[in-house]
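The values are calculated or read from the model by the stated rules, or taken from the named source; none is laboratory data. Being a predicted model, the structure only gives us computed values, none of them experimental. With ideal geometry, Cβ positions are generated from the backbone for all residues, glycine too; neighbour counts draw on all protein chains shown.
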Amino acid sequence: GAVVSQHPSRVICKSGTSVKIECRSLDFQATTMFWYRQFPKQSLMLMATSNEGSKATYEQGVEKDKFLINHASLTLSTLTVTSAHPEDSSFYICSATPGQVPTDTQYFGPGTRLTVL
Amino acid sequence: GQQLNQSPQSMFIQEGEDVSMNCTSSSIFNTWLWYKQDPGEGPVLLIALYKAGELTSNGRLTAQFGITRKDSFLNISASIPSDVGIYFCAGPGSGTASKLTFGTGTRLQVTL
């Protein structure tokens, strides 16, 4: 149980285009989903927290107009990188919390590798 | 903000050896989590610790929640090749449930 999927697993795009990444909780309802970014050989950095039906909360230094997050249902959150640039190339990982377990238990997706040319 | 520093940064060990790594914080944590990340994958939860002094095992893995609440240790006994990966400690931020701060990571390489 507690499986989280991401799609696509990797994407290559041209500079200036927008890319959408989906995060789904497959066998549970996620009251909260999180988006992280991980640069090579670095740790995971939290970008934003999203709750179903409400606006996402962004961490300091993360541009909310560039990284659009939509959490339309209890099983789906999307991250759209708008007007992507090479410096946005990174590994994007989502996680989800079921809510009925200790609130600090997060289940992570397999990640999406974004390469912006 | 809160910082979690892990040591060692990386380690190369031989198959069968025991491994020990730790995580220290600049502030008190009420929960410590240990994750493993394989290359190109998301982190997988290994062990969760909820009480100061707690010692918890998961197979060959053992983790302890430090008495001061500012550190935690992870030990792996009799390492095998599939133990290769990056090990992260993590803990929830103060005041807000669920938001996690991740440590700097320990990269483990196992040689035959």
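So, of the residues in the stretch A:12-31 that are within 14 Å of chain B (Cβ to nearest Cβ) and part of a loop (DSSP other than H, G, I, E, B), which turns out to be surrounded by the fewest Cβ atoms within 10 Å (Cβ to Cβ)? For the stretch A:12-31, the residue satisfying everything is A:L26. When residues in the stretch A:75-86 are screened for being buried (at least 19 other Cβ atoms within 10 Å of the Cβ) and either small (G, A, S) or in contact (Cβ under 8 Å) with a residue 60 or more places away in the chain (or both), 3 of them pass. Against the numbered list (1) within 12 Å of chain A (Cβ to nearest Cβ); (2) touching a Ser or Thr at 6+ places or on another chain (Cβ under 8 Å), B:Q37 comes up short only at (2).
Among the residues of the stretch B:17-30, how many are modelled with pLDDT under 95 and either surrounded by fewer than 20 Cβ atoms within 10 Å (Cβ to Cβ) or within 12 Å of the chain's Cα centre (by Cα) (or both)? The qualifying residues number 4. Residue under question is B:F73, and the condition is that it be hydrophobic (A, V, I, L, M, F, W, C) and in contact with a Gly (Cβ under 6 Å, 6 or more places away or on another chain); does it hold? When the stated conditions are applied, B:F73 does not pass them.
Filtering B:T56, B:T106 for residues that are at pLDDT 95 or above and in contact with a Cys (Cβ under 9 Å, 6 or more places away or on another chain) leaves a single hit, B:T106.
Looking only at the stretch B:31-45, residues that are small (G, A, S) and surrounded by 13 or more Cβ atoms within 10 Å (Cβ to Cβ) come to 1 in all.
For the stretch A:32-63, a tally of residues being facing chain B (nearest Cβ under 9 Å), assigned to a loop (DSSP other than H, G, I, E, B) and either in contact with a Gly (Cβ under 7 Å, 6 or more places away or on another chain) or touching a residue at least 40 places away in the same chain (Cβ under 8 Å) (or both) returns 2.
Being buried (at least 17 other Cβ atoms within 10 Å of the Cβ), farther than 16 Å from A:F108 by Cβ and at pLDDT below 95 is the requirement here; does A:A72 meet it? Taking the combined requirement at face value, the residue does not satisfy it.
Criterion applied to B:S72, B:S79 was being in contact (Cβ under 8 Å) with a residue 24 or more places away in the chain and part of a loop (DSSP other than H, G, I, E, B), and the one residue passing it is B:S79. Among the numbered conditions (1) hydrophobic (A, V, I, L, M, F, W, C); (2) within 11 Å of another protein chain (Cβ to nearest Cβ); (3) in contact (Cβ under 8 Å) with a residue 24 or more places away in the chain, the only one that A:I69 does not meet is (2). Is the stretch B:43-61 home to any residue that is more than 13 Å from chain A (Cβ to nearest Cβ) and under 24 Å from A:Q42 (Cα atoms)? Yes, the conditions are met somewhere in the stretch B:43-61.
Take B:T31 and tell me if it is hydroxyl-bearing (S, T, Y), within 26 Å of A:Q6 (Cβ to Cβ) and within 14 Å of another protein chain (Cβ to nearest Cβ). Against the criterion (hydroxyl-bearing (S, T, Y), within 26 Å of A:Q6 (Cβ to Cβ) and within 14 Å of another protein chain (Cβ to nearest Cβ)), B:T31 qualifies.
Among the candidates A:G16, A:G111, the residue that is out of contact with any strand residue (DSSP E or B) (no Cβ under 8 Å at 6 or more places or on another chain) and modelled with pLDDT of 95 or more is uniquely A:G16.
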